[in-house]
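This report concerns only the one structure given below.
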Amino acid sequence: LAPDFTVTDSDGNPVKLSDFRGKGVVLNFWASWCGPCKSEMPHFQEAFEEYGEDVHFLMVNMSTAFGDSQADAEALLTENGYTFPVYYDLDLSASYAYGVNAMPVTYFLDDRGNFVAWGQGALTEAAIAQGISMVLESAQ
């Protein structure tokens, strides 16, 4: 079972990973200064547009890591027209729970909150599609 955590939405409301059970989850940790993170974002946007009804997307910004801020993240999202759901790990508790020491990192969880797959570094469009396929295949 994937560790639960609490992050905040763009309005500062707390959100728990466990709130998303019942559907698979694509969980990605990123920062606005991270080149590999930025390179995979268009693929996540495409996947969100295609699979957003079938799985939850939790794009978790490590807002306080190494000088990143929520404002920096929001500027990047707006500039590129990204519409996938973004959450903010303001105290890095989610990042610590998952041992994130390099970004990006992505976890694919089934509808019960169990790990199905994960990937370190910038994922390709094919890798994201494969992870989502594994999530959907594991659904009860």
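The values are calculated or read from the model by the stated rules, or taken from the named source; none is laboratory data. Just so it is clear, the structure is predicted and the values come from calculations on it, not from any experiment. Positions of Cβ are backbone-derived with ideal geometry, glycine not excepted, and every protein chain shown enters the neighbour counts. Side chains are part of the model used for accessible areas, which takes the heavy atoms of the whole protein and leaves out ligands, DNA and RNA. Shrake-Rupley method; radii C 1.70, N 1.55, O 1.52, S 1.80 Å.
In this structure His43 has an accessible area near 50 Å², from a 1.4 Å probe over the protein heavy atoms. Taking Cβ atoms as reference points and 15 Å as the exclusive limit, the residues near Gly81 contribute a net charge of -3, counting Lys and Arg as +1 and Asp and Glu as -1. Ranking of Thr106, Thr6 by solvent-accessible surface, largest first: Thr6, Thr106 (1.4 Å probe, protein heavy atoms only, all chains present).
With the convex hull constructed from alpha-carbon coordinates only, segment 84-140 shows a mean projected area of 4.5 nm² over all directions. Rolling a 1.4 angstrom probe over segment 32-140 with all protein chains present gives an accessible area of which 53% lies on carbon and sulfur atoms.
Once the convex hull of all Cα atoms in segment 38-95 is built, its volume per residue stands at 82 Å³.
The mean accessible area for residues of the chain, using a 1.4 Å probe and ignoring ligands and nucleic acids, is 47 Å² per residue.
Taking H as built 1.01 Å from N, whose amide H comes closer than 5 Å to the amide H of Ala117, not counting residues under 5 places away? Placed amide hydrogens put Phe108 under 5 Å from Ala117. For segment 1-118, averaging the sequence separation of C-alpha pairs within contact (under 8 Å, six or more residues apart) and dividing by the residue count gives a relative contact order of 40 percent. Once you reduce segment 58-86 and segment 124-140 to the center of their Cα atoms, the two points are 24 Å from each other. Taken along its principal axes, the alpha carbon cloud of the chain reaches lengths of 40, 27, 26 Å, longest axis first.
A 1.4 Å probe, protein heavy atoms only, puts the accessible area of Met134 near 70 Å². Computed from phi, the 3J(HN,Hα) profile of segment 92-104 under the Karplus parametrisation 6.51, -1.76, 1.60 (θ = phi - 60°) reads 6, 5, 5, 4, 5, 4, 9, x, 5, 10, 8, 10, x Hz, with x in place of Gly and Pro.
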